[in-house]
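Undergrad: Take a look at the following structure, please.
The values are calculated or read from the model by the stated rules, or taken from the named source; none is laboratory data. Just so it is clear, the structure is predicted and the values come from calculations on it, not from any experiment. Here the Cβ positions follow ideal geometry from the backbone for every residue, glycine too, while neighbour counts run over all protein chains shown.
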Amino acid sequence: MNNRTEILAQTEQHVKAQLSDEGSGHDWWHVYRVRQNARMLCAQETVDTFVVELAALLHDIGDHKFHDGDTSVGPRLAREWLASLQVDEAIIAHVCHIITDLSFKGSGVPTPMASREGMIVQDADRLDALGAVGIARTFAYGGHKGRLLYDPDIPPAVHDSFAAYQKSTAPSLNHFYEKLLLLKDRLNTAAARRLAEKRHAFMEQFLEQFLAEWDGNR
Ligand code: ADP
Ligand code: NI
């Protein structure tokens, strides 16, 4: 199959079917928002938008967090799907490379992207980790995993390896300090950095209010 519109439409249906009832903030609507963010970021660049859209659509179908930490499942499922549609090998390889490199792996672990397309998809995914939606997703994820909202006795950690980051069972509030507040300085594109500013400020305001309420101060 080489009709790009048809391939994207079929991929959308495939991802929807896989992720429609996902309860940890990695559901179909997360994918929808990431694709919208990615389209917006593409508007300012000369990139292969087909690769960007495919990677945005397929980036969470086999997330390591839901496959015992195995990071090879996502790219493998994406490859199998795209091969079943007879997508060109070069495009499959590019999409799978993006999916492999995309994830945040701990505050002390760099996550460089090898192509402009990858940088856009990574920024699009990271924008959805910020702001009001980012806050909602963080507590959805924590609830899904049975985590506490917050525990003043468990301080945030710096994770120097992906393994240490993956092993963490800390309360959801720690995730803001271990990942979310760091993202604005780890974006690839100027357009994403601009959008991130407001979302970042909103999270800071949320944290200040949350911590004040904790001790009955507000
Ligand atoms: P990435 O897309 O970079 O791999 P993840 O899929 O790990 O990022 O995380 C996506 C979202 O899931 C986070 O932005 C956050 O909202 C939530 N999340 C992931 N890990 C945690 C955690 N340990 N505690 C709370 N929320 C988490
Ligand atoms: Ni994602």
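Undergrad: Within the stretch 40-49, work out how many residues are part of a helix (DSSP H, G or I) and out of contact with any Lys or Arg (no Cβ under 8 Å at 6 or more places or on another chain).
TA: Residues in the stretch 40-49 being part of a helix (DSSP H, G or I) and out of contact with any Lys or Arg (no Cβ under 8 Å at 6 or more places or on another chain): 3 in total.
Conditions tested, residue by residue: (1) within 14 Å of ligand 1 (Cβ to nearest atom); (2) surrounded by 18 or more Cβ atoms within 10 Å (Cβ to Cβ); (3) free of Cβ contacts under 8 Å to residues at least 24 places away in the same chain.
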{"site": "LYS16", "(1), (2), (3)": "no, no, yes"}
{"site": "SER20", "(1), (2), (3)": "no, no, yes"}
{"site": "TRP29", "(1), (2), (3)": "yes, no, yes"}
{"site": "GLU53", "(1), (2), (3)": "no, yes, no"}
{"site": "ARG76", "(1), (2), (3)": "no, no, yes"}
{"site": "SER84", "(1), (2), (3)": "no, no, yes"}
{"site": "CYS96", "(1), (2), (3)": "no, yes, yes"}
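Undergrad: Looking only at the stretch 149-172, count every residue that is under 21 Å from ALA136 (Cα atoms), within 14 Å of ligand 1 (Cβ to nearest atom) and in contact (Cβ under 8 Å) with a residue 24 or more places away in the chain and tell me the total.
TA: Of the residues in that region, 7 qualify.
Undergrad: Based on what the data block shows, is VAL52 more than 29 Å from LYS145 (Cβ to Cβ), within 15 Å of the chain's Cα centre (by Cα) and part of a helix (DSSP H, G or I)?
TA: yes
Undergrad: While we're looking at this one, here's another question. From the set of residues in the stretch 3-28 that are assigned to a helix (DSSP H, G or I) and in contact with a Lys or Arg (Cβ under 9 Å, 6 or more places away or on another chain), which is nearest to VAL133 (Cα to Cα)?
TA: Restricting attention to the stretch 3-28, the residues satisfying the condition of being assigned to a helix (DSSP H, G or I) are 4-19, 28.
Filter once more, so that each one left must be in contact with a Lys or Arg (Cβ under 9 Å, 6 or more places away or on another chain): 12, 28.
Numbers: GLU12: 21, TRP28: 14 Å.
The residue in question is TRP28.
Undergrad: When you go through THR111, THR71 one by one, which is the residue that is within 16 Å of ligand 2 (Cβ to nearest atom), of a type in the set (Ser, Thr, Tyr), in a loop (DSSP other than H, G, I, E, B) and in contact with an Asp or Glu (Cβ under 8 Å, 6 or more places away or on another chain)?
TA: Working: THR71 fails: in contact with an Asp or Glu (Cβ under 8 Å, 6 or more places away or on another chain).
Going through THR111, THR71 in turn, the sole match is THR111.
Undergrad: Output the residues belonging to the stretch 116-145 that are in contact (Cβ under 8 Å) with a residue 60 or more places away in the chain and not in a helix (DSSP H, G or I).
TA: Scanning the stretch 116-145 gives ASP128, LEU130, LYS145.
Undergrad: Quick check on the stretch 163-179. Is at least one of its residues within 16 Å of ligand 2 (Cβ to nearest atom), surrounded by 17 or more Cβ atoms within 10 Å (Cβ to Cβ), of a type in the set (Lys, Arg) and modelled with pLDDT of 95 or more?
TA: Checked the stretch 163-179: at least one residue is within 16 Å of ligand 2 (Cβ to nearest atom), surrounded by 17 or more Cβ atoms within 10 Å (Cβ to Cβ), of a type in the set (Lys, Arg) and modelled with pLDDT of 95 or more.
Undergrad: Also: What tally of residues in the stretch 180-218 results from selecting those that are touching a His at 6+ places or on another chain (Cβ under 9 Å) and either within 16 Å of ligand 2 (Cβ to nearest atom) or of a type in the set (Asp, Glu) (or both)?
TA: Our first condition is that a residue be touching a His at 6+ places or on another chain (Cβ under 9 Å); within the stretch 180-218, this holds for 180-181, 183-184.
Now restrict to residues that are either within 16 Å of ligand 2 (Cβ to nearest atom) or of a type in the set (Asp, Glu) (or both): 180, 183.
So the count comes out to 2.
Undergrad: Taking the stretch 49-68, which residues are within 21 Å of GLN36 (Cα to Cα), more than 14 Å from ligand 2 (Cβ to nearest atom) and of a type in the set (Asp, Glu)?
TA: GLU53
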